[in-house]
Amino acid sequence: MNTTRYASGNASIFCSSRRRVCARCSTEYEPRGEELAFYQSVRGRAPAALPQMGTGCPRCALTGFYDRTGVFECLQLDDRLRELVVRRATHAELRDTAVAGGMRTLQEAGCDVIDAGGTVLAEHDGVHGFTIGQRKGLGIAGPGPDGRPRYVTGIDADTGTVHVGDAAELNVWTLSGDRPVFTCGAAPSGPVECAVQVRAHGGIADGVAELRGRQLVVDLRAPLRGVAPGQTMVLYRPDPDGDEVIGSATIASAS
């Protein structure tokens, strides 16, 4: 696996670009002995699910692979690591100290996909290839225990964890947004009845918006789906003669 290193005064980042198995022709296979040995050397256990391989189809030009994804390892230098560097510590000492301090290795960055109950369902090559509400290309064999499809319900970039669950877990009833901007130039003095839209072509729901501290919080009367931090929510008053935009904010959390 080829890697590229980027360094600054306080951190060193290694990254790698890896091919993704084609979702349309992926199928389970029995891993070879050397593959199992490598996995166990990193995880300390056997895989919880069989790995996926592409059999080849027109979409992937019969290669079994489609698209690429990034895998990252970030070493944050602290005083303890700097001291080890100064006294010319061995590579093993540096690695063990960094891992003990929370660093995830490149191998560990191909981490677990976890369902709502905490069961390990599959391994992935990085959270960058997933979006909230995604159903296909999860590398999971079959539906959930209830026979219903699984969807990506949450992404934790800090731990590299992708959470999956059923469609109902995608429902969002409360939005909290940072950096609110109001078209009239001033924040409303109290709760405001409004309609809320997330993304240019996203769903619309009625709700009540209120400024709480520095955050704009909207309690919805009907749920929205596919909402993720970083998206923009726009508040407006519906009007037959032309909707009036009240304001907007960047979503910090949704629940």
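The values are calculated or read from the model by the stated rules, or taken from the named source; none is laboratory data. These numbers were taken from a predicted model, which means no experiment stands behind them. With ideal geometry, Cβ positions are generated from the backbone for all residues, glycine too; neighbour counts draw on all protein chains shown. We work out accessible area using only protein heavy atoms, side chains counted, and drop any ligands, DNA or RNA first. Shrake-Rupley method; radii C 1.70, N 1.55, O 1.52, S 1.80 Å.
What's the FRET efficiency of N10 with S253 using the Cβ-Cβ distance as r and R₀ = 30 Å, to the nearest 0.05?
Taking R0 as 30 Å, the efficiency between N10 and S253 is 0.60.
Over segment 151-255, what percent of the accessible surface lies on carbon and sulfur atoms, probe 1.4 Å?
Summing carbon and sulfur atoms, their accessible area is 50 percent of the total for segment 151-255.
Let me spell out the model: positive unit charges on the Cβ of Lys and Arg, negative unit charges on the Cβ of Asp and Glu, origin at the Cα centre of segment 188-252. What dipole size does that give, in debye rounded to 20?
Computed charge dipole of segment 188-252: roughly 400 debye.
To the nearest 10 square angstrom, what accessible area does H91 show with a 1.4 Å probe?
Roll a 1.4 Å probe over it and H91 shows about 140 Å².
Which of the peptides 99-105, 29-35, 60-66 is most tightly packed, and how do the rest follow, judged by the mean count of other Cβ atoms within 10 Å per residue?
Top of the packing list down: 60-66, 99-105, 29-35.
Can you figure out the FRET efficiency of E210 with T232, using R₀ = 22 Å and their beta-carbon distance, to the nearest 0.05?
Details: r = 18 Å, r/R0 = 0.83.
With a Förster radius of 22 Å, E is 0.75.
Suppose R0 equals 25 Å. What FRET efficiency, 1/(1 + (r/R0)^6) with r the Cβ-Cβ distance, do R19 and C74 give to the nearest 0.05? Could the numbers behind the result be given before it?
Values: r = 22 Å, r/R0 = 0.89.
So, using R0 = 25 Å, E works out to roughly 0.65.
Which percent of the accessible heavy-atom area of segment 32-91 goes to carbon and sulfur, probe 1.4 angstrom?
Of all accessible area on segment 32-91, carbon and sulfur atoms account for 57 percent.
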